[in-house]
1. Give all pairs with beta carbons closer than 6 Å in which a residue from the stretch 10-28 that is among the hydrophobic types (A, V, I, L, M, F, W, C) meets a residue that is not in a helix (DSSP H, G or I); count only pairs at least 6 apart in sequence or on separate chains.
2. Tell me which of these Val284 doesn't satisfy, since it passes every other one: (1) over 23 Å from Ile178 (Cα atoms); (2) of a type outside the set (Phe, Trp, Tyr); (3) at pLDDT below 85.
3. Would it be correct to say that Leu71 is at pLDDT 70 or above, crowded, with 20+ Cβ neighbours inside 10 Å and either β-branched (Val, Ile, Thr) or part of a helix (DSSP H, G or I) (or both)?
4. Of all residues in the stretch 132-158, which are at negative phi and either out of contact with any strand residue (DSSP E or B) (no Cβ under 8 Å at 6 or more places or on another chain) or of a type in the set (Gly, Ala, Ser) (or both)?
5. Among the residues of the stretch 447-478, write down those that are of a type in the set (D, E, K, R), under 23 Å from Ala417 (Cα atoms) and in a helix (DSSP H, G or I).
6. Sort out which residues of the stretch 187-210 are at pLDDT 90 or above and either of a type in the set (A, V, I, L, M) or exposed (fewer than 15 other Cβ atoms within 10 Å of the Cβ) (or both), and write them in order of number.
7. Please go through the stretch 467-495 and give me each residue that is open to solvent by less than 70 Å² (accessible area, probe 1.4 Å), in contact with a helix residue (DSSP H, G or I) (Cβ under 7 Å, 6 or more places away or on another chain), under 21 Å from Asn436 (Cα atoms) and without any contact (Cβ under 8 Å) to a residue 24 or more places away in the chain, ordered by number.
8. Look at Arg508 and say whether it is modelled with pLDDT of 60 or more, open to solvent by 70 Å² or more (accessible area, probe 1.4 Å) and over 21 Å from Asn425 (Cβ atoms).
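The values are calculated or read from the model by the stated rules, or taken from the named source; none is laboratory data. It should be emphasised that the depicted structure is a prediction, and the values quoted were computed from it without experimental measurement. Here the Cβ positions follow ideal geometry from the backbone for every residue, glycine too, while neighbour counts run over all protein chains shown. The area values use the complete protein model at the heavy-atom level, side chains included, leaving out ligands, DNA and RNA. Shrake-Rupley method; radii C 1.70, N 1.55, O 1.52, S 1.80 Å.
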Amino acid sequence: MNFSIERPWVLYLLILLIPYVYFMSSRFARIMKNLGPHTSLAKDSAVFTRTRSSFVPSTFLRCLAWVMLVLGASGISWGARYVPVQKNGRALSLVFDISHSMEAEDAPGDMTRLTAAANYADSLLEHIPYTSVSVVLAKGDGVVAIPLTEDMEAVRTLLSSLSPNLMTAQGTSLGKGIMTAINSFPVQSSQAATIWLFTDGEETDGSLANALTEAMKFGIPVTIIGFGSEREISVTAGDGKTQVKTALRSETLEQTIASVKEKFAQKAGDSPVTPDIFYIDASVLGSANTVLDSFAKKTGGASWQNQVYGSEDESSVVYELETVDRHNLFILLAIVFIAASFIFAELTIPVTYLKKKGIIASSVVAMAFLFSGCSDDVSDGAKILSGRLNWNRKKYQESVASFMTVAENAEERGDSAVHDYALYNLATTYLMQNENEAAEKRYNEISPDADDKIKFSTLYNLGILSHRNGDYSKATDYFKRALLVDSTSINAKINLELSQSEVEAHARSQEQVLTPVTQNHDEPSAGENSLYSTIREDEQNRWKNQQQETESSELDY
């Protein structure tokens, strides 16, 4: 059982029970003291018994309620389950074993194992575009040589210079290399992560099994690619003198993977999908195709050939293993104990009856087992509530996991109402993450016979998406359909008018572009009229001047 406490310091609040118990004990003593002088009450010993039988259990139950609240606030969790997480894009970490055993020259073409691994990795990189790649050197504690990057030239430069001399640490820790690769992926990353380990299987600390288990918890598939010959060969150790025997430990690697999968299957129970962890010998014909096919399928593709011309916006769903948070159980128990304390404070129940039936102890144990048992099969309503709470806290990946689970469960049992509601919440969560295509796809999956509120909200949000994409005609249609469902929505009317105005403006701009220039030869244009007027005025002035000259010349003559 995976047991963990997220906030152990909260448990110190249990110390507050000491002053509370002291205060309540003092109060009870004062009540008993005040009842003592009254002879009529003193003669009836049942008064003291009834007072004690109501006061003590109520105080005890309130203490238990406080304990439950503190345990719930501390973040106690146990058990494990898989949750689906939407991923976009791909991230790959190349882990290279650069120990001195990788210098053995038993790879094809008499190359060293490390040189063969570098060439093998370089050929694989040519077929995985739109992928962020990091390089980890697994020697000693493991070091990130290149953080996640899309600069393949930087990665190839490092591959050409791989050598055991890059690190002075002693020993080979494949497990630490994988753990370093896991930590190289950003927390809450939207990219689907994958790890490729290039090694001959020689390790000195036996940490590979634990590291593979951690990778499976995070939903990260690991492919171990073996290099070298299974026939032992002598190589020089790090001191430059000692000769050691080394070989490709295929059997050891396969046994480790099998044991990890078996142990993990027991923890995960009935899991929909487990991350793929497998071993393959690099010298096997078609091994590169197998590695690429596995990588493509885990990141949303059918085969690596279809991924060559893929896009960087590829989406996929991976399943991550997480411990089950039990704070809801403790909060529910706290409410039950508080309610029971008020009941005991108001009622007077004989102590003999409590002893005979053992109501307190049996009820507490029964409630604990009841809610602990049903917590593994949380209802869809609780999952939707959890998804909405995470949505309000902007934890969108957790919300997607909750809504996707509810949608799958509702579809299996044929509950269309819950299925439509889960799809709507899932699509709205995608919309908040700017995953417009995924949101539109989920909106379109909602049944046309859905509830009016869901139908209106779906059409309204589809209108928003279309307007955001610049398809104003389609947005206008969605807003009209939304108003047919709910004609009182002011926002839908405003958005409808805005979309219609955008459509009209677009149409006017098109008319201005397409309108031809017309020429009317019957009537002169304004420019022509102005030109003709100027010519006529010049002619008149010239004629007048000629007349004046003629008159003056006659007089002179």
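1. Pairs that qualify, where the first residue is among the hydrophobic types (A, V, I, L, M, F, W, C) and the partner is not in a helix (DSSP H, G or I), are Val10/Ser74; Leu11/Ser74.
2. (3)
3. Considered against the rule, which asks whether it is at pLDDT 70 or above, crowded, with 20+ Cβ neighbours inside 10 Å and either β-branched (Val, Ile, Thr) or part of a helix (DSSP H, G or I) (or both), Leu71 comes out as yes.
4. Ser132, Ser134, Ala138, Asp141, Ala145, Asp151, Glu153, Ala154, Arg156, Thr157
5. Asp452, Lys453, Lys455
6. Ile195, Leu197
7. Hits for the stretch 467-495 are Tyr478, Phe479.
8. yes
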